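Some notes on the structure that comes next.
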Amino acid sequence: MAVVTAAARVLGSSRGLGQDGLLLLRRLGVRGLAISHPQRQQQRFSSLDDKPQFPGASAEFIDKLEFIQPNVISGIPIYRVMDRQGQIINPSEDPNLPQEKVLKFYKSMTLLNTMDRILYESQRQGRISFYMTNYGEEGTHVGSAAALDNTDLVFGQYREAGVLMYRDYPLELFMAQCYGNVSDLGKGRQMPVHYGCKERHFVTISSPLATQIPQGEDAHPGPAVGAAYAAKRANANRVVICYFGEGAASEGDAHAGFNFAATLECPIIFFCRNNGYAISTPTSEQYRGDGIAARGPGYGIMSIRVDGNDVFAVYNATKEARRRAVAENQPFLIEAMTYRIGHHSTSDDSSAYRSVDEVNYWDKQDHPISRLRHYLQSRGWWDDEQEKDWRKQSRKKVMEAFEQAERKPKPNFSLLFSDVYQEMPAQLRKQQESLARHLQTYGEHYPLDHFEK
Amino acid sequence: MGPPLQPNQCGSRLGAPPSLPAECGGVACKPGLRVGMAVAAAIACRLLRLRAAGAGGHWRRLRGAGLPRGFLQPASAGEDAAQWRRVAHFTFQPDPEPLEYGQTQKMNLFQAVTSALDNSLAKDPTAVIFGEDVAFGGVFRCTVGLRDKYGKDRVFNTPLCEQGIVGFGIGIAVTGATAIAEIQFADYIFPAFDQIVNEAAKYRYRSGDLFNCGSLTIRAPWGCVGHGAVYHSQSPEAFFAHCPGIKVVVPRSPFQAKGLLLSCIEDKNPCIFFEPKILYRAAVEQVPVEPYNIPLSQAEVIQEGSDVTLVAWGTQVHVIREVASMAQEKLGVSCEVIDLRTIIPWDVDTVCKSVIKTGRLLVSHEAPLTGGFASEISSTVQEECFLNLEAPISRVCGYDTPFPHVFEPFYIPDKWKCYDALRKMINY
């Protein structure tokens, strides 16, 4: 907490340079900054003043040598609304959402969970090449997605399928992308789980995740910040949300994104899913500070830490962050604490680096779906009978979509060549023609039967 | 990345005491260091001063010209205290005044860039310009006046972070707005390499054309400048040539720069526009005031010939132009001179058509030989024109070293090296 309070004192409500700093620059003839802040009063700049005059910080002098101790023993507190049994702790924090909405939360999370199970299995059976599950993190997706407007632009990392699920992305399209079949809007270009949907304002997932060499550099907050800046200029009343894990937060791009969002005053929500692991790397090897939330104030960013397994806490925090980000044109950082119950991906066996007991604890004692179910049941909005029915129904829906997706062919091989540029360059067309000719002679050695003619 | 060189100050970042003649390119050096360092700086200023257009491409001897008394003598004191003054290795040749685009104005290259940016911001209300130090006008003055004219939300500084600049630019472009990012020196583009190659270039392809960042243009000063050394002289076009999905463009002159830059900005694909910094002030010609476009992926035959094809881009075009004159004069050889203009996607047809006619090809660039873009041209031409070739294709490039400081005159592929290579091809 010492870090936070010290930072708050230092930064106060001002972002960027203090008034004295700007006047100093004006004196030295640095035109750009002086012009940008014409509203600053002319204060007398005097070297007789004992106050600090440095342009770089707005602070008092101190004559005692004291290092700020990073406080990681009792870090930034974790905001929650429900306890682990789904009971509201402080009634004034209950968002009091209508039954229909909370049921949508529940169904989105469970449908996602069902789809995850089936698609994970399908990879194990060799039917799709790769998959990543969202087990344990469904609350972070759905709570945040529900707090946004449908037109808010989403930049995800790769473990946010629940956001799309909440926005009613059809199962058919999830499957199409995983199979890379003719219905895939991405035209079969990327590995499974790299969803994208223009209508639902979900920017296509990017991450060079190869099965053997997973990279942490999956999140690119820079583009999200740029999109937020453009939204601000367009007076769009839109926020941009950028999801990333605690591992991706170590990337230089994360630092760049935070700093740009703050200095350029962008309406963006940085949503960090701190799930304890970046593949096999635990948080103790990822950072030494107080997680990701503690970094926010260092950039001048409003920050909060929430219980990511509490869908109402996630909802409340995101809702308020959204409101203020748009109203005040400033970034917000939400660190949602959660736990990655599943393996990193189908290429990972996490028993190699963590105990089964640890995983079971989270699965059984602190799961976003169970907590919400307890809440629903205690409100009388759900019961075991409905649970049984819904499980059967959701499984059936997923299986149908799955079987259909599997039957469809892949796109025509010539789609290998399009969309590199808006128009196809002459040289690339030649290459496309040369492949077509090659296949005329050697086609039997290629899986042409699985591809649309 | 260190603080940038101010090209309108002397090549050294050290200052000189006010008592010395302030003679660094005509602009006063900053005051105030100890005399010893200041002396060295003054000598450095003279040694490294870049001369404007019109000077010949050769060394000139100055015998101790203008050194005040009381200076520390160099180690070779007692010998001839001769000083070598650098002058440019090329002569900028302006093109004839273009008549088809309306009224023209005399502009140097940075002014032509400013004009293009001005036109863009006027036409396109979504267009924004950003990067390090662009607000006050930019370290090369390319954005002077634009912030006052268009507002601080459209022309603004970013923190010092190239990966952030490009990433941010991609995001703006994804929403459909026009993003014009400035990287302060092409030498500093590498932190943004991932964003350019893995994100910008692949945005459209990987999303199946659901999303793209086509309205992104990245501008960066490029190429040797006489004193830029390792980190202010690089020509990194070859790194990006290997990346499908982006376009890379290099102009040779103010008129070309404005038209090509406008085309890049309007092109629906992310573009990198490298501006030869040595030409910012040295190249002056008549440039239309109104906007106009020069097409991308089209090379220009700027001089027709029958015996050898010479290909280059940027500053080097002026070197090979001079080589063409030398060849005509001394060898009676007629050269066809081609400015490639767009590095990728490049105009294979124009180059091949020329080589089919002449039978000989020489490609020249400042960037190092191995893996330089001349290798791509050479490889393609020998595939397409093998039977037409009278001699092996010649590449005259920088050596496979980082760009040196004092050794620059030896490093660059100057007209003598090009002339010699041409002579060998003719006699093959």
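The values are calculated or read from the model by the stated rules, or taken from the named source; none is laboratory data. As the structure is a computational prediction, the values presented were derived from the model and not from experiment. Methodologically, a virtual Cβ is constructed for each residue, glycine included, from the backbone with ideal geometry; neighbour enumeration extends over all protein chains shown.
Numbers below:
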quantity: Some residue of the range A:71-82 being assigned to a helix (DSSP H, G or I) and of a type outside the set (Ser, Thr, Tyr); calculated: no
quantity: Number of positions in the range B:133-163 that are assigned to a loop (DSSP other than H, G, I, E, B) and surrounded by fewer than 21 Cβ atoms within 10 Å (Cβ to Cβ); calculated: 12
quantity: Some residue of the range B:260-273 being touching a helix residue (DSSP H, G or I) at 6+ places or on another chain (Cβ under 6 Å), within 14 Å of chain A (Cβ to nearest Cβ) and surrounded by fewer than 24 Cβ atoms within 10 Å (Cβ to Cβ); calculated: no
quantity: Candidate set: the range A:252-288, residues that are in contact (Cβ under 8 Å) with a residue 40 or more places away in the chain and within 12 Å of chain B (Cβ to nearest Cβ); chosen: the one nearest to the chain's Cα centre (by Cα); calculated: A:ILE268
quantity: Some residue of the range A:231-251 being surrounded by 24 or more Cβ atoms within 10 Å (Cβ to Cβ), touching a helix residue (DSSP H, G or I) at 6+ places or on another chain (Cβ under 8 Å) and facing another protein chain (nearest Cβ under 10 Å); calculated: yes
quantity: Set B:GLY138, B:GLY226, B:GLY169, B:GLY164: member being in contact with a helix residue (DSSP H, G or I) (Cβ under 7 Å, 6 or more places away or on another chain), in contact (Cβ under 8 Å) with a residue 40 or more places away in the chain and either under 22 Å from A:VAL225 (Cα atoms) or within 11 Å of another protein chain (Cβ to nearest Cβ) (or both); calculated: B:GLY169
quantity: Residue check for A:GLN386: within 14 Å of another protein chain (Cβ to nearest Cβ), assigned to a helix (DSSP H, G or I), surrounded by 13 or more Cβ atoms within 10 Å (Cβ to Cβ) and without any contact (Cβ under 8 Å) to a residue 40 or more places away in the chain; calculated: no
quantity: Residue that is outside any helix (DSSP H, G or I) and among the aliphatic types (A, V, I, L, M), where the choices are A:VAL398, A:VAL420; calculated: A:VAL420
quantity: Test: A:ASN113 is within 30 Å of A:ASP290 (Cβ to Cβ) and not acidic (Asp, Glu); calculated: no
quantity: Extreme residue, nearest to the other protein chains (Cβ to nearest Cβ), among residues of the range A:161-203 that are out of contact with any Ser or Thr (no Cβ under 8 Å at 6 or more places or on another chain) and of a type in the set (Asp, Glu); calculated: A:ASP184
quantity: Selection within the range A:308-320 - in contact with an Asp or Glu (Cβ under 6 Å, 6 or more places away or on another chain) and in a helix (DSSP H, G or I); calculated: A:ALA313
quantity: Yes/no for A:LEU173 being surrounded by 23 or more Cβ atoms within 10 Å (Cβ to Cβ) and assigned to a helix (DSSP H, G or I); calculated: no
quantity: Cβ pairs under 8 Å, 6+ apart, first in the range B:288-308 and more than 21 Å from B:GLU336 (Cα to Cα) and charged (D, E, K, R), second assigned to a loop (DSSP other than H, G, I, E, B) and modelled with pLDDT of 95 or more; calculated: B:GLU290/B:TYR101; B:GLU290/B:GLY102; B:GLU290/B:GLN103
quantity: Residue ranges of strands (runs of 3 or more DSSP E) in the range B:311-428 with at least 1 members more than 14 Å from every other protein chain (Cβ to nearest Cβ) and among the polar types (S, T, N, Q); calculated: B:361-368, B:394-398
quantity: Qualifying positions in the range B:172-191 - facing another protein chain (nearest Cβ under 10 Å) and closer than 25 Å to A:GLY56 by Cβ; calculated: B:PRO191
quantity: Failed criterion for B:ILE218 (all others in (1) part of a loop (DSSP other than H, G, I, E, B); (2) more than 9 Å from every other protein chain (Cβ to nearest Cβ) hold); calculated: (1)
quantity: Identity of the residue in the range B:198-215, under 25 Å from B:ILE129 (Cβ atoms) and hydroxyl-bearing (Ser, Thr, Tyr), that ends up nearest to the other protein chains (Cβ to nearest Cβ); calculated: B:TYR203
quantity: Residues located in the range A:78-106, provided they are under 13 Å from A:LEU372 (Cβ atoms) and among the hydroxyl-bearing types (Ser, Thr, Tyr); calculated: A:TYR106
quantity: Search result, residues across the range B:323-336 that are surrounded by fewer than 23 Cβ atoms within 10 Å (Cβ to Cβ) and either β-branched (Val, Ile, Thr) or within 18 Å of the chain's Cα centre (by Cα) (or both); calculated: B:VAL333
quantity: Selected residue (only one of A:GLY300, A:GLY291 is within 14 Å of chain B (Cβ to nearest Cβ) and surrounded by fewer than 24 Cβ atoms within 10 Å (Cβ to Cβ)); calculated: A:GLY300
quantity: A:ARG429 being surrounded by fewer than 13 Cβ atoms within 10 Å (Cβ to Cβ) and within 14 Å of chain B (Cβ to nearest Cβ); calculated: yes
quantity: Among residues of the range A:398-453, those that are closer than 30 Å to B:ASP347 by Cβ and of a type in the set (Asp, Glu), counted; calculated: 3
quantity: Count of the range A:321-362 residues which are closer than 30 Å to A:PHE260 by Cα, assigned to a helix (DSSP H, G or I) and out of contact with any strand residue (DSSP E or B) (no Cβ under 6 Å at 6 or more places or on another chain); calculated: 6
quantity: Any pair with Cβ under 8 angstrom, 6 or more apart, that starts in the range A:352-375 at a residue that is under 12 Å from A:ASN309 (Cβ atoms) and ends at one that is in a helix (DSSP H, G or I) and acidic (Asp, Glu); calculated: A:PRO368/A:GLU138; A:ILE369/A:GLU138
quantity: Pick from the range A:83-106, criterion of a type in the set (A, V, I, L, M, F, W, C) and not in a loop (DSSP other than H, G, I, E, B), ranking: farthest from A:TYR166 (Cα to Cα); calculated: A:ILE88
quantity: Flag for B:GLN298 being surrounded by fewer than 24 Cβ atoms within 10 Å (Cβ to Cβ), within 14 Å of chain A (Cβ to nearest Cβ), in contact with a helix residue (DSSP H, G or I) (Cβ under 9 Å, 6 or more places away or on another chain) and not β-branched (Val, Ile, Thr); calculated: yes
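Here is a yes/no grid of residues against (1) crowded, with 24+ Cβ neighbours inside 10 Å; (2) farther than 12 Å from A:TYR421 by Cα; (3) at pLDDT 95 or above:
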| position | (1), (2), (3) |
| --- | --- |
| B:GLN195 | yes, yes, no |
| B:ALA200 | yes, no, yes |
| B:ASP209 | no, no, yes |
| B:ILE218 | yes, yes, yes |
| B:TYR231 | no, yes, yes |
| B:ALA238 | no, yes, yes |
